[in-house]
Amino acid sequence: MEFFIISMLNGLSYGLLLFMLSSGLTLIFSMMGVLNFAHASFYMLGAYVGYSVSRFVGFWPALVLAPLVVGAMGALFERLCLRKVHKYGHVPELMITFGLSYVILELVQLIWGRIALEFQPPAALQGPAFTLINNSVNGLSLLWGAAPAEVCSAADAAVRVVCSPFPATRGFMMLVALIMLLAVWLLLTRTRIGLVIQSALTHPDAVEALGHNVPRIFMLVFGAGAALAGLAGVIGGSTFLTEPAMAATVGSVIFVVVVVGGMGSLSGAFLASVLIGVIQTFAIAFDFSVATMAQQLGVHLSDAARNNSFVKLTLSQVAPILPYLFLVLILIFRPKGLLGTREG
């Protein structure tokens, strides 16, 4: 039971990290109609800027300052570059953001190097948030923080004790993602600013006639989306690894999330992120192959069948392609996405 709970929490934490990334991309696309290919690069930039800032002022100020710096960079890019090509359509927008992703990658490698950096979380987030203790006699129990060694070791050989810690960094990641979801939803649906932002996409002339600066609104939206990616970068970089390849690791997956959830749908991005995170995590956790399952079911396979590469393929090996398989199925059976309102 503790294995299932920890695996589910790990899947949810990874899914919520994907949501932190895809929420900014969804915000930019739904408000501006721009599919930002450099979004994962802003995520990487947030991790590196957070690392540098944390060395001088600590992790908690870096958690606030790094997203602001990345958001300012995003707004500056929209003002000086993206706005110039916006009138020419989607292809120039895609190409200029695609080029930006390579520029950011090269700058990161020039400034911080090509090797991974040790971005340590603060002392409060080091260690487990809680430990699940499965005792064969007393059953399942929860202990906040790290479990003492004597609790995880049974005095009686007949008693089986399994301790499963859940990292505090992953718990913090889940908390921030949920707060972000609530904050963005309230901003867009319950405030005057959100109303102006949404109206600027569908009726820009009317919004401009009312005295609002539509180009400035778009610049702020793009900067806010980049800032959300930067926030995810600080948390993801301190939880996992801060390296130049971190953008490529999640870059394609977040586009899968946006399409599966529904283009421009924040709630769809949340649902798709959680589903993909849980599916991938359980695929890695339940590392079975066809041969292993056949053996457990009592099915006899011939020597030729057991040596077949497909039969020997495990779920953990297939896990990286599962999001893309999910994407193909969604495009076939529900092109508008899980909670999308428009196709394409």
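The values are calculated or read from the model by the stated rules, or taken from the named source; none is laboratory data. If you're wondering where the values come from, they're calculated on a predicted model, not measured in any experiment. Virtual Cβ from ideal backbone geometry, glycine too; neighbours counted across all protein chains shown. Surface accessibility is based on the protein's heavy atoms, side chains included, excluding ligands, DNA and RNA. Shrake-Rupley method; radii C 1.70, N 1.55, O 1.52, S 1.80 Å.
For the stretch 45-84, the calculated P(r) over all alpha carbon pairs, in 5 Å bins from 0 to the bin holding the longest distance, is 6, 29, 24, 15, 12, 9, 5, 1 percent. Computed from the C-alpha gyration tensor, the three semi-axes of the ellipsoid equivalent to the stretch 152-279 are 41, 16, 14 Å, from longest to shortest.
For the chain, the 222 nm mean residue ellipticity estimated from helices alone, with every DSSP H stretch of n ≥ 4 adding -39500 (n - 2.57) and the total spread over all residues, rounds to -21500 deg cm²/dmol.
Annotation for Leu143 and Leu76: the two label points, set 7 Å from Cα along the Cα-Cβ direction, are 5.1 nm apart. Annotation: cysteines of the chain without a disulfide-compatible partner (Cβ-Cβ under 4.7 angstrom) are Cys81.
Ligands, DNA and RNA excluded, the heavy atoms of His86 present near 80 Å² of accessible surface to a 1.4 Å solvent probe. Based on Cα atoms of the stretch 247-290, Rg over Rh with Rh as the Kirkwood radius reads 1.08. The orientation-averaged shadow of the Cα convex hull for the stretch 37-113, equal to a quarter of the hull surface, comes to 5.1 nm². Length gained on full extension, Asn135 to Met95, computed as 0.36 nm times the residue gap minus the Cα-Cα distance: 8.7 nm. Can you tell which of Gly237, Gly113, Val260 lies farthest toward the positive end of the dipole of the chain, using +1 and -1 charges on the Cβ of basic and acidic side chains (Lys, Arg; Asp, Glu)? Result: Val260, furthest along the dipole toward the positive end. Remark: the Val64-Asn213 segment gains 50.9 nm on full extension, using 0.36 nm per residue and subtracting the alpha carbon distance.
For Thr189 and Tyr324, a Förster radius of 45 Å and the Cβ-Cβ distance give a FRET efficiency of 0.90, rounded to the nearest 0.05. Counted over the chain with a bin width of 10 Å, the fraction of Cα pairs per bin, in whole percents, is 5, 21, 29, 23, 13, 6, 2, 0. Inter-part distance, the stretch 241-287 to the stretch 45-119, computed on C-alpha centroids, equals 20 Å. Normalising the average separation of contacting C-alpha pairs (under 8 angstrom, six or more residues apart) by the number of residues puts the relative contact order of the chain at 30 percent. Here the convex hull built on the C-alpha positions of the stretch 1-58 has a volume of 116 cubic angstrom per residue. Were the residues from Val151 through Ser267 laid out at 0.36 nm apart, the gain over their Cα-Cα distance would be 37.6 nm. Counting only whole DSSP H helices of the chain, the ones at least 24 Å long by C-alpha along their axis and with mean Kyte-Doolittle hydropathy no lower than 0.5 are 2-32, 39-57, 59-77, 90-112, 168-190, 214-239, 266-285.
Which whole-number percent is the relative contact order of the stretch 115-246 (Cα, under 8 Å, 6+ apart)? It comes to 29 percent, rounded to a whole number. If you run the Gaussian network model on the chain, springs between alpha carbon atoms under 10 Å, then out of Ala149, Ala38, Ala229 the most flexible one is Ala149. What the phi angles of the stretch 131-137 give under the Karplus curve with 6.51, -1.76 and 1.60, with θ = phi - 60°, is a coupling list of 10, 8, 10, 9, 9, 5, 9 Hz, glycine and proline written as x.
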